[in-house]
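Visitor: There's a structure below that I have some questions on.
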Amino acid sequence: MPKSRRQFLTQSSLGLIGAAVAPRIRLPEHAAESTQEPTPPPGAPPAFGTGPAVGPEVSPTTFAEAEKLVQVELTSAERKVAAESWRVNLASVYERRTGPHKMALEPTVAPWSRYNSVLPGEHAGPQRDQFIRSRTDPGPLPASDADIAFAPVTQLSRWIEQRKLTSERLTQIYLKRIEQFDAKLRCVITLTRELALAQAKKADEEIAAGKYRGTLHGIPWGGKDLLDTAGIPTTYGAEPYRNRIPKEDAAVVKRLHAAGAVLIAKLSLGALALNDIWFGGQTMNPWLLEEGASGSSAGRGRPPRRDSSASRLAARPAAASSAPACAAASPDCGPRMGACRAPAR
């Protein structure tokens, strides 16, 4: 039977009132549950601006002084807002430095993610990693130390293998050239003279005894000063780390030692791998001493082309080595896209 308009409105109103009253009647039995906030998973940061205030007290004057360092200008209103919200907005950052989630990270811990351009199912290189040198004649050993210093590793390694050139003589040549040029270039952070001479002597003895290890045996090399070297300072070119001495060698350093290479120097880089300025000054371009070397692999690109160490190594992003290579017209043979080619000598 159809209902009148009055009956419909009466029943609808009663239904709405009942729906509104029902949750209030059931509330006491669930009161304990509703007051408990869900616990976030361990390590989860709070939502932005919702965490407790953390860190030192700041004022608009604090930000006014900081502007001088970062060359940013704020208005008075912006400084006020920043000062009032800073301790809350940065709570999640400070929590990992001073709060309950603070964690000591070992130097050997790798980043949680890495870039890998290899497609799924493909291999980055040959499955069997084997280096085979071309059988080429290195030619006669030059009489001039300078010509020896500029010779490529392909020739140097053959001369050392054939015992036409000793590792000790080659090391002395490079040490002498570092002494001659480094005062102007500032490309060496730590010179490892004693270690180099000891490694060179050992290499000569092993080669004379028929224990030739391979291409890099007896070859002097310089490493960018972000490669950890046990017992030898690794400074990143930055003042706070100038006395940092690692306890272990980086993996690549261990491999070079095992190959019989001779560590001659830790080479400069811009502080924390940025540009060419480190705590010892600015590394300069050997072709134009009024110009900086660029960076971050400033020292690696600076020994005049190849004449201050036979080989130079840097764990670096593309710009770290290609920029110095372009600035000094030095070849950069990093395993990546792009290249800077040196002009013919």
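Read-outs throughout are calculated quantities, based only on the coordinates presented, and are distinct from any laboratory measurement. Remember, predicted model here, so these are calculated numbers, not experimental data. Glycine gets a Cβ as well: all are built from the backbone with ideal geometry, and neighbour counts include every protein chain shown.
Visitor: Which entries in the list Lys176/Lys247; Lys68/Lys247; Lys80/Lys102; Lys184/Lys211 go over 32 Å, if you measure between the two C-alpha atoms of each?
Guide: Correct reply: Lys68/Lys247; Lys184/Lys211.
Visitor: Given points 7 Å out from each Cα along the Cα-Cβ axis, report the Ser144 to Gln71 separation in nanometres with one decimal.
Guide: My value for the distance between the label points is 4.4 nm.
Visitor: So for the stretch 99-236, Kirkwood radius off the Cα pairs, Stokes-Einstein at 4 °C and 1.567 mPa s: how many µm² s⁻¹?
Guide: 70 µm²/s
Visitor: With r defined as the distance between the Cβ atoms of Leu289 and Val93 and R0 fixed at 35 Å, what FRET efficiency is calculated, to the nearest 0.05?
Guide: Efficiency at R0 = 35 Å is approximately 0.25.
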